[in-house]
Amino acid sequence: MNYHLILTRQCNLDCVYCHGGRDAGENTEIQYDLEALARFLVEDEGIQLMFYGGEPTLRIPLMVQVMTRFPQARFMLQTNGLLLHRIPEEFLHRFHSILVSIDGPLEVTDGYRGHGVYNRVLENIRWLHSTGYEGDVVARMAVSQQSDSYRDVRHLLDLKGPCFKHVHWQLNAVWSAEGNWVNFDRWVAESYNPGITRLVDEWVENLQKGVVEGVVPFLPLMHDLLTDSASPIRCGSGCDTFAIHTDGSIGVCPISPDWAFSIVGDIRTTKPHELRNIMTVDEPCPSCEVYAVCGGRCLFVNKEHLWGQEGFEKVCGTVKHLIDRLKAALPEVRRLVDEGIVAVGDFAYPEFNNGCEIIP
């Protein structure tokens, strides 16, 4: 099983689409001891711990303590990258994947996240590479009003020294649209969807040259289209992926600790086997024509509908556009596979659930 381990709800940034640094809420720090966590995890096999926040690198001593206490676990890290260089190298190299928040070029990243963030993140990624780190370094974007899907994804894919192995993005379309969007419909029609089309077209052109670019949403979706596979919710929320909150409660998703529906257990009283497949998405997702590929987009959004039904459908429209573009490319990708230019296995990503939700 996979567990997002919330090390703190505090953050050292105050991003325009999150405000986590300003409003961390109650119970910001871990309120249980590691032996209580150990008694819970000992009931599981092959555990994976994904450090999450807030900003987990604000609690590096605690991070090191956890990694020392659970030497057999697989570890992932989701971070804003500002304090990455403070992690001792012997522990840094134990991370299978590191997801670093960066939203595109300097003006976009700094516009959302604060002056100087872009350069500090890239400086720390250069340092990360200099240590000989060989794991998966993922650029994890938040896409909002000032984003251009083509320009910003392309910028991160094309970076050299440092570089990211993979690029993933999430739409800023969970919390209230007020103050975040001037005209979401126009942005989707004139910027986002055309950008996705262009990205898919160029991705396929590179496949024709035998180059498989690490565009995270494209890879697993194309893999399942090639193999005619169906997927449950791709982030694993409520199925095999859960969050351990700072008070020891267990939630289906790390972003929803304050919603009662999302709390499904506690490390002190719950057994891991009791959690598996404890919650699935409701309608309209299971009846949707792209459900087998999409998997339900987001469990939290499916349950809460914070944008209302109309807003829910608008965001689903962007997912359907993405899937339609990949389906249109499927015959050409099949040809490339048949001719040995690329292989089906090239699209099998991620190796393990690394916190990329896959569906934007």
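What to note about this one:
- Checking GLU283 against (1) within 22 Å of the chain's Cα centre (by Cα); (2) among the acidic types (Asp, Glu); (3) assigned to a loop (DSSP other than H, G, I, E, B), the condition it does not meet: (1)
- Residue within the range 258-271 that is in contact with a Cys (Cβ under 8 Å, 6 or more places away or on another chain), in contact (Cβ under 8 Å) with a residue 40 or more places away in the chain and not small (Gly, Ala, Ser) present: no
- Residue count, the range 86-141 (criterion: aliphatic (A, V, I, L, M) and under 17 Å from LYS160 (Cβ atoms)): 10
- Scan the range 304-327 for residues that are at pLDDT below 95 and in contact with a helix residue (DSSP H, G or I) (Cβ under 6 Å, 6 or more places away or on another chain) and the total you get is 1.
- Flag for CYS253 being in contact with a strand residue (DSSP E or B) (Cβ under 7 Å, 6 or more places away or on another chain), within 28 Å of VAL344 (Cα to Cα) and buried (at least 20 other Cβ atoms within 10 Å of the Cβ): no
- Subset of the range 31-68 that is touching a Pro at 6+ places or on another chain (Cβ under 9 Å) and exposed (fewer than 15 other Cβ atoms within 10 Å of the Cβ) - its residue that is modelled with the lowest pLDDT: GLU45
- Exactly one residue out of GLY355, GLY340, GLY296, GLY345 is under 23 Å from ASP224 (Cα atoms) and at pLDDT below 95, and it is GLY355.
- Whichever residue in the range 18-30 is modelled with pLDDT of 80 or more and part of a loop (DSSP other than H, G, I, E, B) and, among such residues, is farthest from MET63 (Cα to Cα): CYS18
- Just one residue in the set THR8, THR28, THR68, THR79 is more than 18 Å from GLY135 (Cα to Cα), without any contact (Cβ under 8 Å) to a residue 60 or more places away in the chain and among the polar types (S, T, N, Q); that residue is THR68.
- Pick from the range 262-279, criterion buried (at least 17 other Cβ atoms within 10 Å of the Cβ) and in a loop (DSSP other than H, G, I, E, B), ranking: farthest from the chain's Cα centre (by Cα): THR270
- Qualifying residue in the range 138-158 (condition: of a type in the set (Val, Ile, Thr) and without any contact (Cβ under 8 Å) to a residue 60 or more places away in the chain): no
- Only one of the numbered conditions (1) over 30 Å from GLU190 (Cβ atoms); (2) touching a His at 6+ places or on another chain (Cβ under 7 Å) is violated by THR270, and that is (2).
- Residues being modelled with pLDDT of 95 or more, surrounded by fewer than 16 Cβ atoms within 10 Å (Cβ to Cβ) and in a loop (DSSP other than H, G, I, E, B) are represented in the range 81-89 by at least one member.
- Evaluating VAL252 against the criteria (1) in contact (Cβ under 8 Å) with a residue 60 or more places away in the chain; (2) under 23 Å from GLN10 (Cα atoms) leaves one unmet condition, (1).
The values are calculated or read from the model by the stated rules, or taken from the named source; none is laboratory data. The structure presented is a predicted model; accordingly, all values stated were derived computationally and were not measured. Quick reminder, even Gly has a Cβ in these numbers, built from the backbone with ideal geometry, and neighbours come from all protein chains shown.
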